[in-house]
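Asker: I have a structure here, written as structure tokens, and I will follow up with some questions on it.
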Amino acid sequence: MALLRSYVSGQWYAPADGAPLHDAVTGEEVARISSAGVDMAAALDHGRRVGGPALRELTFHQRAALLKVLASHLSEHKDELYALSARTGATQRDSLVDVDGGIGTLFAYSGKGRRELPNAKVYVDGAVEPLSKGGTFVGQHICTPLRGVAVQINAFNFPVWGPLEKFAPAFVAGVPSLVKPASQTAYLTEKLVELIIASGILPEGSLQLVCGSAGDLLDHLTPQDLVSFTGSASTARKLRTHEAVARNSVRFNAEADSLNCSVLGPDATPGTPEFDLFVKQLVTEMTVKAGQKCTAIRRAFVPAAVLDDVAAATAERLAKITVGNPANPDVRMGALAGLEQREEVRRSLKALLDAGSVVFGDPAHVEVLDADAERGAFLSPVLLRADDTDRAEPHQVEAFGPVSTLMPYTCTEHAIELVVRGQGSLVGSVVTGDADFAREVVLGVAPWHGRLLVLDTDDAKESTGHGSPLPALVHGGPGRAGGGEELGGIRGVLHHLQRTAVQASPRVLGEITGQWVPGAPRGNDGVHPFRKSLADLRVGDSVVAGPRAVTQADIDHFAEFTGDTFYAHTDPAAAAANELFGGIVAHGYLVVSFAAGLFVSPEPGPVLANYGLENLRFITPVYPGDELTVTLTAKQITPRENAEYGEVRWDADVTKQDGTSAAKYDVLTLVSKQ
């Protein structure tokens, strides 16, 4: 029988023997698992000593580009992952969520890393803060990669997406990862890591795998390491209070199972599209991955008047769900991850039944297709009903399987009160066409949720659904949900970086951040900076151009030519009455246009295009007779990977004859590398 291997300290390690892991569908032994003999301290040291330095040699863009290559590689091999995924009890649709969802997260972070982060090794967070009157003492926050390892302790339900959604932001940040999958489905995670390591795409040490018990792994954590956990709230509490985690103030992120809810609006009566959307979504969340999702709907709140209607419609739809072997295309719901998991769900169901009754399903029996209902970890979808909403069980007990409980509410305030009794959730949804009801519920329950979906006929066709975390949005929640936060786009990357406030002179701060800081020296060697390629251009290179007088004729012509005849530019009496201006003023965009005419070097050269302005502010009015001078300074230079050009951000300061600034903004250009 196959022995699952760990990949640590640069090599694969197989144990002598291990505990058996079984096919969730047939009950056959798939592999054996053990971490006995794995040197956890050495593995962490390898990540810090080999993986970390290799990653930090790369820029954010270079690391993000590697993620894209890796995602493309895994896409070519996903059939191998699908084959093993079926043995976890997953249907084709379930595997799509896990396998393709994980690969999609890699693609998403590759794109975000290249679009939203600099092609640099340091992330500058926020603007420069002036700390002195004379401008010689300034401060700014920078973010740099932690010098440790991002340790993952994952749940069994998503053996591909789970590791990849944590790995992607850590890798972009420049922090190596060590993955410890849940044992039940670790054979799929082992295959994933095998494909990654064999590709040779990643620097050595940037990804390691421990199959089996975590052993003394946490004992060897340092203040620079991180732990990201997905699983039960009770295990999260145990890990969070581990002596080494507490002693070293290790960054600990928990994403725990929670009693997620969905609320049907009072407007969504039988026959309305929202009523049907609610029922369809509820059945989907009960049956995808056999309900083994930390985001599945556990509590469904509906107006008391339609409770019977919702129960009947949901039961009718559940009756069409075929349970059985995922290899059969007619099967809509597969098995739970294992027999132990089925028994755990049944125990939870027993507690829930003390407070409610069964609307659909038999916890003890299920008809299955092409499978043995007892050898495989099969369970019928079970819909419960709890008319007494004051009972504690539905708000405290989670059956981590195809189980949900219907509960009635009497008014908006009552619905909010019931939702909050879950004490913190990863996700909730509101299904309604009434925007006022949606607003009240969302604002009422938002402090207790990491994510909220409002579903109606407007967004239903394109909605990604209640239970689908997205790379761009945060995944996590307060209270029972663990108090953590994953994904969220670049927020997930920043979790792996240390934010440090740096105080220095503008010159030194600019050297540290790689960006020109106002007050730092400017360079002017007599060559217009627009004549310089990226190879020759330096941060701080500048040009001063002007002055140019602004005349009444210029203002009149601009107003007529553009159609911008706002009274402050065209009506002397009205402009004089404006307490901000006291007379005719030039258009702000006339000022910007004149500035461009002053600083531009018009001949063909390295500058390929101006692709935008950012942070534009008109600071003081420009009147007829004022003279404008512009100072343009290369602020930030960002070469693009795999392209013959890069981006240059220029600081533009348009001043009047008395030295006051009329406008300040950033000019963005694309410039050839050579």
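Asker: How much net charge surrounds residue 154 when only other residues with a Cβ under 11 Å from its Cβ are counted (Lys, Arg +1; Asp, Glu -1)?
Answerer: After counting each charged neighbour, the total is 0.
Asker: Compute the helix-to-body angle for 588-599: its Cα long axis versus the longest principal axis of the chain, expressed 0 to 90° and rounded to tens.
Answerer: Helix 588-599 sits roughly 70 degrees off the main axis of the chain.
Asker: Quick one: helix 101-116 against the long Cα principal axis of the chain, what's the angle to the nearest 10°, folded into 0 to 90?
Answerer: That helix lies at roughly 10 degrees to the long axis.
Asker: For a quick protection proxy, order the peptides 463-472, 320-329, 374-383, 42-51 by their average other-Cβ count within 10 Å, most packed first.
Answerer: On the way: 463-472: 18.5, 320-329: 16.9, 374-383: 23.9, 42-51: 20.3.
So the order, starting with the most tightly packed, is 374-383, 42-51, 463-472, 320-329.
Asker: Quick one: Cα centre-to-centre distance for region 605-620 and region 13-28, in angstrom?
Answerer: Each part reduced to its Cα centre gives a spacing of 61 Å.
Asker: Same structure again: Charges on Cβ only, +1 for Lys and Arg, -1 for Asp and Glu, centred on the Cα centroid of region 76-127; of 122, 103, 82, which one is farthest towards the dipole's positive end?
Answerer: Farthest towards the positive pole: 122.
Asker: Tally Lys and Arg at +1 and Asp and Glu at -1 over the other residues with C-beta under 11 Å from the C-beta of residue 121: what net charge comes out?
Answerer: Values: positive: 56, 63; negative: 57.
Neighbour charge sum, excluding residue 121 itself: +1.
Asker: Moving to a separate point now. How do the peptides 477-488, 246-257 rank, highest first, by the average count of neighbouring beta carbon atoms within 10 Å per residue? Working shown, then result.
Answerer: Numbers: 477-488: 22.8, 246-257: 19.7.
Most protected by this proxy first, the peptides run 477-488, 246-257.
Asker: Sort 123, 7, 623 by heavy-atom solvent-accessible area, probe 1.4 angstrom, most to least.
Answerer: If we order 123, 7, 623 from most to least accessible, we get 623, 123, 7.
Asker: Please give the FRET efficiency for residue 581 paired with residue 561, using the beta carbon to beta carbon distance and R0 = 22 Å, rounded to the nearest 0.05.
Answerer: On the way: r = 21 Å, r/R0 = 0.97.
Once rounded, the FRET efficiency stands at 0.55.
Asker: Another question, if that's okay. Considering region 107-178, what Rg and Dmax in Å follow from its alpha-carbon atoms?
Answerer: Rg, Dmax (Cα atoms, Å): 17.1, 59.
Asker: Can I ask one more? With every protein chain left in place and a probe of 1.4 Å, what is the accessible surface of residue 131, to the nearest 10 Å²?
Answerer: 80 Å²
Asker: Express in Å², to the nearest 10, the accessible area of residue 284 obtained by rolling a 1.4 Å probe over the protein heavy atoms while all chains stay in place.
Answerer: In the full protein context, residue 284 sits at about 50 Å².
Asker: Follow-up. Could you tell me what percent of the accessible area of region 377-501 is made up of carbon and sulfur, with a 1.4 Å probe and every protein chain present?
Answerer: The computed percentage sits at 50.
Asker: Which value, in Å² and to the nearest 10, is the accessible area of residue 267 when all protein chains are kept and the probe is 1.4 Å?
Answerer: 60 Å²
Asker: Taking a ≥ b ≥ c as the square roots of the Cα gyration tensor eigenvalues, with a/c under 1.5 meaning rounded and otherwise prolate when a/b beats b/c, else oblate, which class fits region 496-558?
Answerer: Prolate is the answer for region 496-558, as a/c is 1.5 or above and a/b outweighs b/c.
Asker: Further, regarding this structure: Let me test this: with uniform point scatterers at the alpha carbons of region 1-134, what is the Debye-based log₁₀ I(q)/I(0) at q = 0.23 1/Å?
Answerer: Log-scaled intensity ratios, in q order: -1.23.
Asker: What 222 nm value per residue comes from the helices of the chain, counting each DSSP H run with n ≥ 4 as -39,500 (n - 2.57) and dividing by all residues, nearest 500 deg cm²/dmol?
Answerer: -9000 deg cm²/dmol
Asker: So, one more: Using Stokes-Einstein with the Kirkwood hydrodynamic radius over Cα pairs, what translational diffusion coefficient do you get for the chain at 10 °C and a viscosity of 1.306 mPa s, in µm²/s rounded to a whole number?
Answerer: Answer from the Stokes-Einstein relation: 56 µm²/s.
Asker: Roughly how tilted is helix 435-445, in degrees to the nearest 10 and between 0 and 90, from the longest Cα axis of the chain?
Answerer: 80 degrees
Asker: So what is the orientation-averaged projected area of region 536-670, using the convex hull of its C-alpha atoms, in nm²? The partial results should precede the final answer.
Answerer: Values: hull surface 36.5 nm².
Averaged projected hull area, Cα only: 9.1 nm².
Asker: Given the C-alpha atoms of region 303-433, compute the convex hull and give its volume per residue in Å³.
Answerer: Taking the convex hull of the Cα positions in region 303-433, it is 127 Å³ per residue.
Asker: Filter the cross-link list 68/635; 191/293; 121/289; 78/293 down to pairs whose alpha-carbon distance in this structure exceeds 32 Å.
Answerer: 121/289
The values are calculated or read from the model by the stated rules, or taken from the named source; none is laboratory data. None of these values were measured; they are calculated from a predicted model. A quick note on method: Cβ atoms are made from the backbone with ideal geometry, for glycine too, and the neighbour counts reach across all protein chains shown. In case anyone asks, the SASA skips ligands and DNA or RNA and just uses the protein heavy atoms, side chains included. Shrake-Rupley method; radii C 1.70, N 1.55, O 1.52, S 1.80 Å.
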